[in-house]
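The values are calculated or read from the model by the stated rules, or taken from the named source; none is laboratory data. The structure displayed is predicted, hence computed values, not measured ones. Methodologically, a virtual Cβ is constructed for each residue, glycine included, from the backbone with ideal geometry; neighbour enumeration extends over all protein chains shown.
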Amino acid sequence: MKQEKATVVEHHNFQGDYRILRLAAPAVGPLVKPGQFLELRVPRLDDRILRRPFSIYKADAEGASILYKTVGRGTEAMVSLQVGDEVDIIGPLGNGFPELTKGKVPVLVAGGYGNAALYLKAKESPVKGIAFFGGRTAQDILCIEEFQVLGWDVRPATDDGSLGTKGLVTASFDPWMAEQENVQSLELFVCGPNPMLKAMGDRAIEHGFTAWLSMDKNMACGVGACLTCVIKRKTTDGWEWARCCKDGPVFESREILWEE
Ligand SMILES: Cc1cc2nc3c(=O)[nH]c(=O)nc-3n(C[C@H](O)[C@H](O)[C@H](O)COP(=O)(O)OP(=O)(O)OC[C@H]3O[C@@H](n4cnc5c(N)ncnc54)[C@H](O)[C@@H]3O)c2cc1C
Ligand code: FES
């Protein structure tokens, strides 16, 4: 993990409310593993002391990119970042996704900006499988072509039916799962809103496959100090608090004790 003054080298609209920010960050970029994130201090913001977490969408020796959606004060302030601006970042943070288990069939499942956390996983996976992407509308289904170029079979689903199957991501995943002869051989890598994570985790437990869930919890420090991001993790005799920023954000479905 490094703290770095990164320089904006690219910043543009991607689609809908989503934008891509590319940073020259030679200290952070080379260290990144799939599923890790960075904490970015938003310049020119009153509460700029608080950093915002973003999955690392792409990374190389020179730096890293994020794919973000404008949802509030911090992300709206980020829109004004110009090429050449300096941004204070800490990263890479979190455990990231584990490597695909030998002999397993990889399946990616993403909702909205969850795709950003899965792109590097899709790239490094030695076996390319199937990717289920969900979103409210076609505008929320991101980077299909990029995953296809890597060799993934992408199946979109939208709430309004504007792209792919109409309904939640489970509307395309469930019929496909029902056709699988060896469901236990599936290994899921999932990133998206918590209801989607839980839905996939429940299926993993019921049908006996593995699902790695990247938890979406509000964060503050990002480095394990403030306990803003805790979830309940099962232990042999009950549960314990686990910090999504440091112990996660990725947990196997059987580890998580969901709050009612
Ligand atoms: C590990 C991790 C990775 C993330 N990766 C990405 C990413 O790749 N791209 C991206 O666009 N966003 C990502 N997020 C979410 C991003 O951090 C928030 O959208 C951002 O912090 C909101 O800041 P804001 O000041 O604009 O919004 P705020 O003014 O703080 O909040 C505006 C609205 O957004 C909601 N919100 C805030 N944080 C989250 C969150 N974590 N999940 C869902 N809703 C939230 C608030 O409840 C509120 O309704 C990630 C979050 C985590 C924890
Ligand atoms: S965000 Fe501070 S402990 Fe996780």
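Here are a few things to note about the model shown:
- Residues of region 130-159 that are in a loop (DSSP other than H, G, I, E, B) and within 17 Å of Phe173 (Cα to Cα): Arg136, Ile141, Trp152, Asp159.
- Here Leu186, Leu120 are screened, and the one residue that is buried (at least 16 other Cβ atoms within 10 Å of the Cβ) and over 22 Å from Phe54 (Cα atoms) is Leu186.
- Per-region count, region 192-219, residues away from ligand 2 (no atom under 14 Å from the Cβ) and part of a loop (DSSP other than H, G, I, E, B): 4
- Of all the listed residues (Ile141, Ile66), the sole one being crowded, with 20+ Cβ neighbours inside 10 Å, modelled with pLDDT under 95 and either away from ligand 2 (no atom under 16 Å from the Cβ) or small (Gly, Ala, Ser) (or both) is Ile141.
- Selection of region 105-129 for residues being within 16 Å of Leu213 (Cβ to Cβ) and not in a helix (DSSP H, G or I) yields Pro106, Val107, Leu108, Val109, Ala110, Gly111, Gly112, Tyr113.
- When region 220-258 is limited to residues that are aliphatic (A, V, I, L, M) and part of a loop (DSSP other than H, G, I, E, B), the one that is nearest to ligand 1 (Cβ to nearest atom) turns out to be Ala220.
- Every condition in (1) in contact with an Asp or Glu (Cβ under 8 Å, 6 or more places away or on another chain); (2) at pLDDT below 95 is met by Ala27 except one, and the failing one is (2).
- Evaluation of Ser125 against (1) closer than 22 Å to Cys226 by Cβ; (2) in the same structural domain as Ala242 (by TED's automatic domain parsing) (one fails), failing number: (1)
- Among residues of region 218-235 that are aliphatic (A, V, I, L, M), those with a Cβ under 9 angstrom from a residue that is more than 13 Å from ligand 1 (Cβ to nearest atom) and assigned to a strand (DSSP E or B), sequence gap 6+ or separate chain, pair up as Leu227/Trp241; Val230/Trp241; Val230/Ala242; Ile231/Trp241; Ile231/Ala242; Ile231/Ile256; Ile231/Leu257.
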